[in-house]
Amino acid sequence: MGDSHTWTAAPAAAEQARSVLAAAWSCAVTAEGGREEFVGAHTVTDDGRVLLHVPEDSALLAAAVCAPRGEPSAVLEFADVAPVPVRGRIRARLWLAGWFAVADGHLAFRPTRVVLRRPSGAVVVDVDEFTAAAPDPLALAEARLLTHLADCHGDAVQRLTRLVDPESLHGAVRVRPLAVDRHGLTLRIERIRDHGDVRLPFHAPADEIAQLTERVHVLLGQAAAASCPRALQRQRTDGDG
């Protein structure tokens, strides 16, 4: 079949959860001391534990120190925000429920329950699978890759719409790159009153930037061989996509 789409896999829930955790810059913590927002204050270990560096006057730290067992329960929330401005920029939310412990001047959080909410609905992720999973290899570079594609290669995004079912493009006023992972590229199709997403799977997984470039070039080659959908042609004057 040549370059036809034969690789249709999408990230497993555990992998996506670890990707959200790896790329998130902020988190909200709900514990006995209330709710606090932290920006740039957490790191993640290889096994998925969250190390949170909080101010000395943080109510969360006080709760951890004063907890009877030294391990207060808490819920951590992370948002997966699209780096390119689109409608509904929250692509997913991740909740980790578990326990905090004070270690080496910071709080170490061990999750005992993992819930990932995607547009298709919420899924409970097995904790062992979450611990064993690794983030998508493109997760930390995704924001830079998508903003570059949107800001500098809008013409390429338009060409990729030739791979989209014309029915999905009916009424489209703008198409923007929404997400990319090792398995494929997702486009956000915006209409006047609503929007939808279309996934373009790669023919093989991309585990590094060089492979991603090749995979996108393959998609563009497929798009060049496809006819330009008339539905989008009629709408191009109405949007800036």
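Summary of computed values
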{"read-out": "Count of the stretch 81-92 residues which are of a type in the set (A, V, I, L, M, F, W, C) and open to solvent by less than 50 Å² (accessible area, probe 1.4 Å)", "value": "4"}
{"read-out": "Residue check for Phe78: in contact with a Leu (Cβ under 8 Å, 6 or more places away or on another chain), among the hydrophobic types (A, V, I, L, M, F, W, C), over 30 Å from Gln222 (Cβ atoms) and at pLDDT below 95", "value": "no"}
{"read-out": "Given (1) free of Cβ contacts under 8 Å to residues at least 40 places away in the same chain; (2) under 28 Å from Arg49 (Cα atoms), index of the condition Asp151 fails", "value": "(2)"}
{"read-out": "Per-region count, the stretch 15-46, residues in a loop (DSSP other than H, G, I, E, B) and open to solvent by less than 30 Å² (accessible area, probe 1.4 Å)", "value": "3"}
{"read-out": "Selected residue (only one of Leu169, Leu185, Leu138, Leu160 is closer than 16 Å to Ala92 by Cβ and open to solvent by less than 20 Å² (accessible area, probe 1.4 Å))", "value": "Leu138"}
{"read-out": "Residues of the stretch 182-210 classified as in contact (Cβ under 8 Å) with a residue 12 or more places away in the chain and part of a helix (DSSP H, G or I), total", "value": "1"}
{"read-out": "Leading residue by the ranking (most open to solvent (accessible area, probe 1.4 Å)) among those in the stretch 53-80 that are more than 17 Å from Ala41 (Cβ to Cβ) and under 28 Å from the mean Cα position of the chain (by Cα)", "value": "Ser73"}
{"read-out": "Yes/no for Glu56 being charged (D, E, K, R), under 9 Å from Phe100 (Cβ atoms) and modelled with pLDDT under 85", "value": "no"}
{"read-out": "Pair list, Cβ < 7 Å and 6+ apart or interchain, from the stretch 18-44 residues that are on the phi > 0 side of the Ramachandran plot to residues that are of a type outside the set (Ser, Thr, Tyr) and open to solvent by 20 Å² or more (accessible area, probe 1.4 Å)", "value": "Gly34/Ala59; Gly40/Trp25"}
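The values are calculated or read from the model by the stated rules, or taken from the named source; none is laboratory data. Here the structure is a predicted model, which is why all the values come from computation and not from measurement. Cβ atoms come from the backbone with ideal geometry, glycine included; neighbour counts cover every protein chain shown. Quick note on the areas: whole protein, heavy atoms, side chains included, nothing else; ligands and nucleic acids left out. Shrake-Rupley method; radii C 1.70, N 1.55, O 1.52, S 1.80 Å.
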